[in-house]
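The values are calculated or read from the model by the stated rules, or taken from the named source; none is laboratory data. Since the structure is predicted, the reported quantities are computational estimates derived from the model, not experimental observations. Cβ: placed from backbone, ideal geometry, glycine included. Neighbour counts: every protein chain shown. Surface accessibility is based on the protein's heavy atoms, side chains included, excluding ligands, DNA and RNA. Shrake-Rupley method; radii C 1.70, N 1.55, O 1.52, S 1.80 Å.
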Amino acid sequence: MMAMRKENGRGSLGGALVVMLLGALGSVAGVQDAQAQEPGPLRIGAELLMVSMPPTQGDFSAEPGIGPGLRVNVEGLGLEGLRLGLAMPIDTRVRTRLDETLEYDWTRTALQAEVGWGVRLVNERVHLGARLGLGYVHHRLALEPASYSSRIYEGRAHGLIFSAQAVGDIALLETASKSWSLGMGFAWGLTGHTTANFEAMQPVYEEGDRVERAPFNAGRAASLGPGWEVVWRVTWRP
């Protein structure tokens with residue numbers, strides 16, 4: 001009888017250990033499942049933006065240009081608060097009078113790499129920081145007579161675009177899992193581009209145009225001053 005009791009005791013102890021082990025494994029699996037459902041620290045953002053370029057200075061001047069753009073950035077790659085991005089102001093266009101007889105149509109298209117740092121506040125819904133940018137800008141300048149719309153000269157130039165801005169964005173709508181959010185953002189600070197050279201603009205001839213024209217010297221112009229952005233932002237947290 002005592003042997004049977006010992007065996008029953010050992011069996012009860014072994015069963016309890018098995019139950020405890022299974023319970024521990026279940027708890028670990030549950031924690032892992034919960035962690036897998038939570039969005040990670042990585043944030044991938046896509047922005048649709050409206051950009052204001054500062055006025056130009058040089059042989060001819062222009063009012064600030066305003067145009068749309070796109071940006072993609074990544075936050076949380078190794079260093080907390082670091083945000084890397086690539087921005088493309090698609091078409092910053094300026095149209096104004098050059099003199100009494102000519103108007104110009106100036107398009108500036110850029111591709112800019114950006115690095116920024118910031119902090120998150122209000123349950124991580126608000127982001128505030130600073131950003132530096134450097135990239136390539138392409139200029140296209142077309143001259144038209146003030147009396148009618150037809151290009152008579154066209155020139156192209158290349159250079160660098162740069163910026164140093166304070167930035168911020170806020171999440172307005174979030175999914176229940178916080179994996180996706182929709183928000184708005186802003187940026188303000190110094191921006192500009194290097195000098196664009198339009199000293200040898202080539203004539204453009206329409207069909208049937210028999211008037212010969214020599215290259216036109218429109219001069220040079222650079223840009224440096226305050227610029228701003230207003231953006232709509234979609235963020236994904238994988």
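Can you give me the % of accessible surface on the range 88-137 that is carbon or sulfur? Probe 1.4 Å, all protein chains present, nothing else counted.
65
For E80 and H138 in one chain, what is 0.36 nm times their gap in residues minus the Cα-Cα distance, to one decimal in nm?
Gain on extension, E80 to H138, equals 17.5 nm.
Using 0.36 nm times the number of residues separating A46 and L121, minus their current alpha carbon distance, what extension gain do you get?
Between A46 and L121, full extension yields an extra 25.0 nm.
Sticking with the crude label model, points 7 Å out along Cα→Cβ, report the distance from L224 to A164 in nm, one decimal please.
About 1.1 nm separates the two model spin labels.
What is the percent carbon and sulfur in the accessible area of the range 166-238, measuring with a 1.4 Å probe over the protein chains and ignoring ligands? Write down the numbers at each step before the final one.
Numbers: 2690 of 4210 Å².
Looking at the range 166-238 in its full context, I get 64 percent from C and S.
Quick check for you: with a 1.4 Å probe and neighbouring chains kept, what is the accessible area per residue of the range 145-238, in Å²?
Heavy-atom SASA per residue in the range 145-238 reads 56 Å².
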